[in-house]
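Undergrad: Let me give you the structure first, and then I'll get to my questions.
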Number of protein chains: 2
Amino acid sequence: MNNVKIERLLINYKTLEAFKQFKEYGNQELSMLEDLESNMVENNSESPFYGIYYGDRLIARMSLYRVGKKYDFYFDPPQDYLELWKLEVLPDYQHRGYGKAMVEFAKSYELPIKTNPRIKSHGFWEKMGFQKAHYEMERDLGENPLIWLPDGVKEKEIAHPS
Amino acid sequence: MNNVKIERLLINYKTLEAFKQFKEYGNQELSMLEDLESNMVENNSESPFYGIYYGDRLIARMSLYRVGKKYDFYFDPPQDYLELWKLEVLPDYQHRGYGKAMVEFAKSYELPIKTNPRIKSHGFWEKMGFQKAHYEMERDLGENPLIWLPDGVKEKEIAHPS
């Protein structure tokens with residue numbers, strides 16, 4: 001997998017058409033399409049999405065968003081972190097290391113990462129070194145966030161009622 | 001469906017055992033179990049969960065959490081709202097109005113409601129009068145929130161880059 005190239009995806013009609021192949025197609029993609037149609041964003045401007053092309057075909061993608069330190073309720077010390085979502089490899093290309101390559105790309109920023117896997121995939125995330133965040137209702141609201149800690153970073157301790 | 005009784009569920013081993021029947025069993029439930037085992041919460045204390053019993057069996061549940069006005073990024077004017085999650089009716093009891101009864105119970109608080117349906121169920125939420133929130137990346141991070149607006153409440157306008 002040494003020659004896998006992760007590319008930052010451009011917002012254009014071709015990318016948005018390719019996104020329709022992925023299960024987790026939702027408001028975010030529709031909003032990007034509207035912004036493009038109404039010229040609120042320029043064609044070929046940079047998106048929060050990264051992906052892998054196999055020939056001409058987009059076969060994997062994820063979104064990465066850098067969350068500012070003041071919104072960090074997960075890590076100790078508090079710091080900027082990456083929120084990763086919509087990591088998805090098209091069915092025909094799964095189990096070949098593309099998902100792993102995407103996660104390793106995210107880790108290369110050397111920031112803590114939080115993700116909230118929507119599809120049952122805890123085995124994968126565990127292999128990638130992610131762990132469950134301790135559940136805090138006011139923060140997680142029924143979600144099951146997973147976190148990855150680079151060296152020197154700990155999970156923020158939760159104050160439990162005593 | 002006039003005689004459906006929505007009950008606030010107590011945190012005890014019986015409730016937590018019943019929760020295992022539901023698909024969306026995750027960190028929240030495990031955390032409640034740990035808190036109970038370590039006496040961090042008392043047996044029979046109130047949970048954020050509401051449910052419907054059919055005889056002795058818990059057949060539907062949801063969690064409702066009141067989010068304070070200062071964390072309201074969805075409604076105009078800003079106000080306390082309800083975050084609804086894990087609404088689920090067991091398969092054998094679906095399509096009998098239990099889900100609707102749960103949502104109507106939530107609406108009876110006369111607060112705006114936000115939910116983030118994890119299972120494909122947009123048809124249901126539309127029938128319940130919910131609408132898609134306009135997507136804002138910094139806030140929604142790849143999620144597809146749906147909102148319900150009581151009389152006199154509007155969706156907060158989003159400032160688009162011009």
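The values are calculated or read from the model by the stated rules, or taken from the named source; none is laboratory data. Everything quoted here is computed from the prediction, not taken from an experiment. Every residue, glycine among them, receives a Cβ derived from its backbone with ideal geometry; neighbour counts consider all protein chains shown. Please note that ligands, DNA and RNA were not included when accessible areas were found on the heavy atoms of the full protein model with its side chains. Shrake-Rupley method; radii C 1.70, N 1.55, O 1.52, S 1.80 Å.
Undergrad: Please report, in debye to the nearest 20, how large the charge dipole of the protein assembly as shown is about its Cα centre when each Lys and Arg carries +1 at its beta carbon and each Asp and Glu carries -1 there.
TA: On the way: 44 positive and 52 negative charges, 156 e Å.
Taking the Cα centre of the protein assembly as shown as origin, the dipole is about 760 debye.
Undergrad: Sticking with this one: Label-to-label distances across copies for residue B:154, with labels 7 Å out along Cα→Cβ, in nm, shortest first?
TA: The projected label point of residue B:154 is separated from its counterparts by 4.8 nm.
Undergrad: Shifting gears a bit: Just the accessible area for residue A:13, please: 1.4 Å probe, Å², rounded to the nearest 10?
TA: 120
Undergrad: Would you mind giving the mean number of other chain beta-carbons within 10 Å of the Cβ of each residue in B:83-91, as a whole number? The partial results should precede the final answer.
TA: Working: counts 4, 2, 4, 2, 0, 0, 0, 0, 0.
So the per-residue partner count for this stretch is 1.
Undergrad: Same structure again: Roughly how many percent of the accessible protein surface of the stretch B:1-50 is carbon and sulfur, given a 1.4 Å probe and a whole-percent answer?
TA: Working: 1340 of 3000 Å².
Exposed carbon and sulfur together represent 45 percent of the surface.
Undergrad: What figure in square angstrom, to the nearest 10, would you give for the accessible area of residue B:17 with a 1.4 Å probe?
TA: Accessible area, nearest 10 Å²: 100 Å².
Undergrad: Every other copy gets compared here: list the nm distances from the residue A:34 label point (7 Å along Cα to Cβ) to its counterparts, shortest first, one decimal.
TA: For residue A:34, the other copies' label points sit at 3.9 nm, shortest first.
Undergrad: Using a probe radius of 1.4 Å on heavy atoms only, what accessible surface per residue do you get for the protein assembly as shown? Whole Å² is fine. Each step should come with its number before you reach the end.
TA: Values: 17800 Å² over 324 residues.
Per-residue value: 55 Å².
Undergrad: From largest to smallest, what semi-axes in whole angstrom does the stretch B:6-155 give when each is the square root of 5 times an eigenvalue of its alpha carbon gyration tensor? It would help to have the intermediate numbers written out before the result.
TA: Numbers: eigenvalues 143, 69, 41 Å².
So the equivalent ellipsoid measures 27, 19, 14 Å along its semi-axes.
Undergrad: Enter the Cα centre distance for the pair the stretch A:56-86 and the stretch A:1-42, rounded to the nearest angstrom.
TA: Cα centroid to Cα centroid, the span is 17 Å.
Undergrad: Rounded, prolate or oblate: which fits the protein assembly as shown when a ≥ b ≥ c are the square roots of the eigenvalues of the alpha-carbon gyration tensor, with rounded for a/c under 1.5 and prolate only if a/b beats b/c? Spell out each step's value before the answer.
TA: On the way: a/c = 1.71, a/b = 1.38, b/c = 1.24.
Verdict is prolate for the protein assembly as shown.
Undergrad: Once the label point is placed 7 Å from Cα along Cβ, list for residue B:23 the distances to the corresponding points in the other copies, in nm, shortest first.
TA: 1.1
Undergrad: Okay, moving on. If you plug each phi of the stretch A:68-79 into the Karplus form 6.51 cos²θ - 1.76 cosθ + 1.60 with θ = phi - 60°, what whole-Hz ³J(HN,Hα) values come out, in order, with x for Gly and Pro?
TA: x, 3, 5, 9, 7, 10, 10, 10, 9, x, x, 6
Undergrad: Output ³J(HN,Hα) for the stretch B:12-28: one whole-Hz value per residue in order, computed from phi by the Karplus curve 6.51 cos²θ - 1.76 cosθ + 1.60 with θ = phi - 60°, and x for Gly and Pro.
TA: Per-residue couplings from phi come out as 8, 5, 5, 4, 5, 5, 5, 4, 5, 6, 9, 4, 7, 9, x, 4, 4 Hz.
Undergrad: Just how much of residue A:109 is accessible, in Å², when a 1.4 Å probe is used and the result is rounded to the nearest 10?
TA: Its accessible surface works out to 100 Å², give or take rounding.
Undergrad: Then there is this: If you draw the axis that swings chain A onto chain B, which residue of A has its Cβ closest to it, and how far is that in whole Å?
TA: Smallest Cβ distance to the axis, with its residue: A:118, 3.
Undergrad: Determine the calculated [θ] at 222 nm for chain A from helices alone, applying -39500 (n - 2.57) to every DSSP H run no shorter than 4 residues and normalising by the residue count; nearest 500 deg cm²/dmol. Numbers along the way, then the final one.
TA: Values: 5 runs with 38 residues, N = 162.
Estimated from H runs of four or more residues: -6000 deg cm²/dmol.
Undergrad: Quick one: which residues, 5+ away or cross-chain, put their amide H under 5 Å from the amide H of residue B:80? H built at 1.01 Å from N.
TA: Here B:69 satisfy the definition.
Undergrad: What pairs from B:14/B:69; A:114/B:132; B:86/B:127; B:5/B:86; A:120/B:70 go past 29 Å between their alpha carbons?
TA: Working: B:14/B:69 34 Å; A:114/B:132 25 Å; B:86/B:127 18 Å; B:5/B:86 18 Å; A:120/B:70 33 Å.
B:14/B:69; A:120/B:70, as the Cα separations exceed 29 Å there.
Undergrad: Now for a different question. Hey, what do the phi angles of the stretch B:53-67 turn into as Karplus ³J(HN,Hα) couplings, whole Hz, using 6.51/-1.76/1.60 and θ = phi - 60°, x for Gly and Pro?
TA: For the stretch B:53-67, the Karplus-derived couplings read 9, 10, x, 8, 9, 6, 10, 8, 7, 7, 10, 10, 10, 7, 9 Hz, x marking Gly and Pro.
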